[in-house]
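Each remark here refers to the structure printed beneath this line.
Derivation of every value follows stated rules applied to the coordinates shown; laboratory data play no part. Everything quoted here is computed from the prediction, not taken from an experiment. Ideal geometry is used to build each Cβ from the backbone, glycine not excepted, and the neighbour counts take in all protein chains shown.
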Amino acid sequence: MLMPALLIAAAVATAAPDQVPGETKTFKDWYVACDNAWNCEAGTLAEEGGDFTTAMALRLWREGGPDAPFRVELTPPEEMATGPARLKIDARPALSGTQDTEGDTVLDEGQALAIARALANGSQASMILSDGRTVALSLAGSSAALRFIDATQQRAGTRGAIIATGTKPDTALPPPLPQLTARAASKLTELPDLKRYPEIIAESGCEYRMEGAEDTVHPLGQRGGLDMALVLIACDSGAYNFGSAVMVATRPMEDPNAGWEFAPAKFDSPTGWGGDDQVPQVVNADWTAETGTLFDRAKGRGIGDCGVASSYAWDGEMFRLSEKHEMGECRGVWEWPRVWIADVSVIR
């Protein structure tokens with residue numbers, strides 16, 4: 001099951017030329033995703049129309065760059081994680097590992113590359129639980145998913161590739177992380193009263209507000225001689241997604257006689273909802289004043305196993321994408337893989 005087209009459109013909307021998130025792809029029973037710094041993740045999906053036992057039961061992470069860390073992990077459903085699990089691939093001896101505090105089993109990292117190659121070339125695999133029960137794991141799509149990682153990390157044709165091996169040395173370096181500066185919010189002596197500004201709500205484009213919808217206002221602080229406030233106007237809503245139009249209110253610094261002026265907030269990348277001709281909307285919004293971060297999490301369906309989640313750093317003038325996670329396939333992936341990351345420093 002794919003998440004609704006509205007969320008897919010938001011996920012693939014054109015970003016700034018220097019800000020292109022990575023991709024999430026599905027190959028049969030496997031998903032794979034890489035971010036802009038070539039950090040990649042791949043794992044198993046739930047069976048089509050079945051339960052979620054196999055969803056994310058086996059996951060691999062590999063960072064970009066020579067000699068980068070590589071991790072293979074078994075993740076049984078919580079009620080099955082009573083002890084370390086083991087991985088069985090074809091007729092090979094079962095592979096054991098160490099159970100972490102979350103109940104997941106981390107396999108020998110020194111053998112991670114060999115394990116990944118065995119998965120890609122194998123016919124059958126299963127997760128053996130601590131009580132002896134087995135969970136069959138589909139390998140359909142594993143080779144294509146791991147080949148995608150090789151290509152993204154520019155390892156194809158090198159000795160370090162998982163699938164597309166060759167004779168060249170593994171020397172490619174990932175792009176550096178974008179550097180962002182976020183401004184933590186500071187208090188204001190007064191905030192705008194939205195009850196006095198019904199026309200602002202109308203101008204936000206929120207025509208279908210739910211009865212009893214509550215707007216929120218948060219201080220951003222002072223900059224350039226202005227008091228600044230973040231305004232989240234409760235907007236279009238559904239059963240599990242609640243949109244908020246994002247505006248920024250300003251007035252001359254600490255002048256109680258001056259009126260507040262409202263303008264659509266600026267973002268450097270598409271938000272969860274809202275077209276080019278609308279006030280940007282974030283979905284299921286959350287604001288963290290201490291780090292100047294606005295969160296946007298649009299679910300593909302109510303149980304939350306697909307969707308798009310982004311965080312934006314407020315730099316004093318606009319919101320800049322600092323992290324993004326995405327999963328377009330609704331097949332039990334509760335922890336959506338990351339496709340964008342920036343290095344954020346906070347000014348307080």
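Data table
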quantity: Selection count, the range 99-134, where residues are assigned to a loop (DSSP other than H, G, I, E, B) and either under 27 Å from the mean Cα position of the chain (by Cα) or among the acidic types (Asp, Glu) (or both); calculated: 7
quantity: Any chance Asp343 is touching a Leu at 6+ places or on another chain (Cβ under 6 Å), surrounded by fewer than 16 Cβ atoms within 10 Å (Cβ to Cβ) and closer than 30 Å to Pro176 by Cβ; calculated: yes
quantity: Matching option when the condition is surrounded by 15 or more Cβ atoms within 10 Å (Cβ to Cβ) and over 16 Å from the mean Cα position of the chain (by Cα), among Val282, Val248; calculated: Val248
quantity: Condition met for Thr24 (β-branched (Val, Ile, Thr) and under 27 Å from Pro270 (Cα atoms)); calculated: yes
quantity: Odd one out for Ala263 among (1) under 15 Å from the mean Cα position of the chain (by Cα); (2) surrounded by fewer than 20 Cβ atoms within 10 Å (Cβ to Cβ); (3) under 26 Å from Arg251 (Cβ atoms); calculated: (1)
quantity: Subset of the range 42-66 [crowded, with 23+ Cβ neighbours inside 10 Å and in a strand (DSSP E or B)]; calculated: Ala42, Gly43, Thr44, Leu58, Leu60, Arg62
quantity: Positions within the range 212-235 being among the charged types (D, E, K, R), closer than 22 Å to Arg297 by Cα and surrounded by fewer than 20 Cβ atoms within 10 Å (Cβ to Cβ), in sequence order; calculated: Glu214
